[in-house]
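Structure, as structure tokens:
The values are calculated or read from the model by the stated rules, or taken from the named source; none is laboratory data. Quick caveat: nothing in here was measured; it's all calculated off a predicted structure. Please note: Cβ atoms are built from the backbone with ideal geometry, for glycine as well, and neighbour counts cover all protein chains shown. Ligands, DNA and RNA are excluded from the accessible area calculation, which covers all protein heavy atoms including side chains. Shrake-Rupley method; radii C 1.70, N 1.55, O 1.52, S 1.80 Å.
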Amino acid sequence: MADDFSFEIVENLGIVSEGKGGWKLELNLVSWGGRPAKYDLRSWSPDHQKMGKGSTLSKEELVALKDLLNKLEIK
């Protein structure tokens, strides 16, 4: 199972922040295991060969998150 792990960053949508060692928290469209690309927010090494934990969202989930964030009063 683990041998079948593959991913392709289809499109880089933006960088949220940059941490130590050049790692960046990015929003990307990522295809996991050859499946259709989903929105993905996670930390990536500078060469995109290593990644941190993150969240993968469908278009519908991203729209719901965007609506929620638009309503949020940031303190």
>> Please list 3J(HN,Hα) in residue order for segment 12-22, calculated via the Karplus relation 6.51 cos²θ - 1.76 cosθ + 1.60 where θ = phi - 60°; whole Hz, with x for glycine and proline.
In response: 8, 9, x, 10, 8, 7, 10, x, 4, x, x
> Only one of the listed values, [x] 6.5; [y] 6.3; [z] 4.8, was derived from the coordinates as mean projected area of the Cα convex hull in nm²; which label is it?
Replying inline: [y]
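Given +1 on the Cβ of Lys and Arg, -1 on the Cβ of Asp and Glu, and no further charges, what dipole in debye does the chain carry about its Cα centre, rounded to the nearest 20? All intermediate terms of the calculation are to be shown ahead of the outcome.
Numbers: 11 positive and 12 negative charges, 60 e Å.
So the magnitude is around 280 debye.
Which value in deg cm²/dmol, rounded to the nearest 500, describes the helix-derived mean residue ellipticity at 222 nm for the chain, given -39,500 (n - 2.57) per DSSP H run of n ≥ 4 and division by the residue count? Provide the component values of the computation, followed by the final result.
Numbers: 1 runs with 13 residues, N = 75.
Rounded to the nearest 500, it is -5500 deg cm²/dmol.
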>> Using a 1.4 Å probe on the protein heavy atoms, what percent of the accessible area of the chain belongs to carbon and sulfur?
In response: 55 percent
>> Just to confirm, what accessible area per residue do you get for the chain at 1.4 Å probe, in whole Å²?
In response: 80 Å²
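Go through the chain and name the chymotrypsin sites (Phe, Trp or Tyr not before Pro) that are in a DSSP coil and have 10 or fewer other Cβ atoms within 10 Å of their Cβ.
Sites meeting the loop and neighbour criteria: Phe5.
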> What are the lysines whose alpha-carbon lies under 18 Å from the alpha-carbon of Lys50, with same-chain residues fewer than 8 places away excluded?
Replying inline: Lys20, Lys24
